């Protein structure tokens, strides 16, 4: 299931009301209008599609601010799906992440010193002192259970 053109238009109106432009940050409707990031957000969480479609149908033709208020009061699960989708899609946009100074998740290898410093001997000492724990594997020649 995908959103209809009318639902997409309503979704962008709600996005503009939910996340307006900031001092440095773009408005949600401006960066989500091409549909790429909304598509990726829906792909990441396909279970949101039907609730977002219902929210758009319930909000169609209403003032977006009033529609958001009404959705929150009368259809909280649909409002939750809508805000989850819009905020998730918004913060995936590279232009937004750059504006807020967030590069996204990047690998940061820990140094050996950091890894050793993270170990708390009081916590892991008893576990290390108890010796190895394992389950023996069947002999290589034995038939594996089916």
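Name the pairs: first residue in segment 122-141 and at positive phi and part of a helix (DSSP H, G or I), second residue modelled with pLDDT of 75 or more and exposed (fewer than 10 other Cβ atoms within 10 Å of the Cβ), Cβ to Cβ under 7 Å, at least 6 apart or on different chains?
Going by the 7 Å Cβ cut-off, there are no qualifying pairs.
Report whether or not residue 107 is modelled with pLDDT of 75 or more, exposed (fewer than 11 other Cβ atoms within 10 Å of the Cβ) and assigned to a helix (DSSP H, G or I). Full working, then the answer.
On the way: modelled with pLDDT of 75 or more: yes; exposed (fewer than 11 other Cβ atoms within 10 Å of the Cβ): yes; assigned to a helix (DSSP H, G or I): no.
Criteria not met by residue 107.
Tally the residues that are assigned to a helix (DSSP H, G or I) and under 18 Å from residue 44 (Cβ atoms), restricting the search to segment 70-104.
Narrowing segment 70-104 to residues assigned to a helix (DSSP H, G or I): 70-74, 76-90, 94-100.
Of the ones still in play, those that are also under 18 Å from residue 44 (Cβ atoms) are 80-90, 94, 96-97.
Residues in segment 70-104 being assigned to a helix (DSSP H, G or I) and under 18 Å from residue 44 (Cβ atoms): 14 in total.
What number of residues within segment 58-69 satisfy the criterion of being part of a helix (DSSP H, G or I) and either out of contact with any helix residue (DSSP H, G or I) (no Cβ under 8 Å at 6 or more places or on another chain) or in contact (Cβ under 8 Å) with a residue 40 or more places away in the chain (or both)?
Here the count works out to 7.
Does residue 24 qualify as being touching a helix residue (DSSP H, G or I) at 6+ places or on another chain (Cβ under 9 Å) and modelled with pLDDT under 95?
Details: touching a helix residue (DSSP H, G or I) at 6+ places or on another chain (Cβ under 9 Å): yes; modelled with pLDDT under 95: yes.
For residue 24, the condition - touching a helix residue (DSSP H, G or I) at 6+ places or on another chain (Cβ under 9 Å) and modelled with pLDDT under 95 - is met.
Counting only residues that are in contact with a helix residue (DSSP H, G or I) (Cβ under 7 Å, 6 or more places away or on another chain) and either over 15 Å from residue 67 (Cβ atoms) or without any contact (Cβ under 8 Å) to a residue 40 or more places away in the chain (or both), how many does segment 1-18 have?
Final tally of qualifying residues: 3.
Just checking, which of 55, 89, 44 is within 16 Å of the chain's Cα centre (by Cα) and closer than 24 Å to residue 21 by Cβ? Break it down stepwise before answering.
On the way: 55 fails: within 16 Å of the chain's Cα centre (by Cα); 44 fails: closer than 24 Å to residue 21 by Cβ.
Result of the check over 55, 89, 44: 89.
The values are calculated or read from the model by the stated rules, or taken from the named source; none is laboratory data. Computed from a predicted model, the values in this text were never measured in an experiment. Using ideal geometry, Cβ is built from the backbone for each residue, glycine included, and neighbour counts are taken over all protein chains shown.
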